[in-house]
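**Q** After the structure tokens below, expect a handful of questions from me.
The values are calculated or read from the model by the stated rules, or taken from the named source; none is laboratory data. It should be emphasised that the depicted structure is a prediction, and the values quoted were computed from it without experimental measurement. Because the Cβ atoms are built from the backbone with ideal geometry, glycine has one as well, and the counts that use them run over all protein chains shown. The accessibility values were calculated without ligands, DNA or RNA, using every heavy atom of the protein model including side chains. Shrake-Rupley method; radii C 1.70, N 1.55, O 1.52, S 1.80 Å.
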Amino acid sequence: MKFIVRLIILAALLSPIAVTAGQPPSSADTPVFVAYYWRARPGKIDEYTAYIKDTAEAIDEDARRAGVFEEVRTVTPAPGTVADWTHLRIFRLKNAAAESALGAGLDAATLRVVPDEAKRKANSERSAVLRDLVRREVWTSLR
């Protein structure tokens, strides 16, 4: 899982933050949404969906209970929709300060949920063959 988080952090550093023109900067009480667009590799959509349900959701729930984020949703394109991604995972965080701690919080949750290092490594290797990160965006709400 550390590999995945490092990949996400690298993508975050290389990706622009999505901002609506004229939108005021977020305040300490403005929610922030972090969106990860993933593309399952050919023939791996069902397997990646199962990975999210069987592995990632347990880690996410632990992180949510620890206050790392408020909510996470995973969505897929509606039938007939053409998209460059297959799975969009959207994390709602309390504010912009929480966004900078998301990666570390998910790492900590991974250690709690999957304490066995060999199992964590196997999970990271498995996810790496199932999907590719398309992009990461950070959004705020209009208030």
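**Q** Look through PRO42, PRO77, PRO16 and report the one residue that is part of a loop (DSSP other than H, G, I, E, B) and modelled with pLDDT under 95. Break it down into steps so the answer makes sense when it comes.
**A** Values: PRO42 fails: modelled with pLDDT under 95; PRO77 fails: modelled with pLDDT under 95.
Going through PRO42, PRO77, PRO16 in turn, the sole match is PRO16.
**Q** Sticking with this structure for a sec: Select the helices (runs of 4 or more DSSP H) contained entirely in the stretch 90-143, then report the ones holding at least 2 residues which are over 19 Å from PHE69 (Cα atoms) and within 15 Å of the chain's Cα centre (by Cα). Spell out the reasoning first.
**A** Details: elements: 96-100, 102-113, 117-130.
Of the helices (runs of 4 or more DSSP H) lying wholly inside the stretch 90-143, those with at least 2 residues that are over 19 Å from PHE69 (Cα atoms) and within 15 Å of the chain's Cα centre (by Cα) span 117-130.
**Q** Any chance you could count how many residues in the stretch 27-68 are touching a residue at least 60 places away in the same chain (Cβ under 8 Å) and open to solvent by 70 Å² or more (accessible area, probe 1.4 Å)?
**A** 5
**Q** If you don't mind, there's one more thing I want to ask. Does at least one position in the stretch 84-100 carry a residue that is open to solvent by 50 Å² or more (accessible area, probe 1.4 Å), closer than 14 Å to VAL138 by Cβ and touching a strand residue (DSSP E or B) at 6+ places or on another chain (Cβ under 8 Å)? Let's see the steps before the verdict.
**A** Taking the stretch 84-100 and keeping what is open to solvent by 50 Å² or more (accessible area, probe 1.4 Å), we get 84, 92, 94, 97, 100.
Next, only the ones that are closer than 14 Å to VAL138 by Cβ stay: 92, 94, 97, 100.
Going one step further and asking which of them are touching a strand residue (DSSP E or B) at 6+ places or on another chain (Cβ under 8 Å), we end up with 92, 94.
Yes: the stretch 84-100 contains one or more residues that are open to solvent by 50 Å² or more (accessible area, probe 1.4 Å), closer than 14 Å to VAL138 by Cβ and touching a strand residue (DSSP E or B) at 6+ places or on another chain (Cβ under 8 Å).
**Q** A further question follows. Give the stretch 69-82 a look and list any residue that's of a type in the set (D, E, K, R) and open to solvent by less than 60 Å² (accessible area, probe 1.4 Å), or say none.
**A** Going residue by residue through the stretch 69-82, those that are of a type in the set (D, E, K, R) are 70-71, 73.
Residue satisfying the conditions is GLU71 alone.
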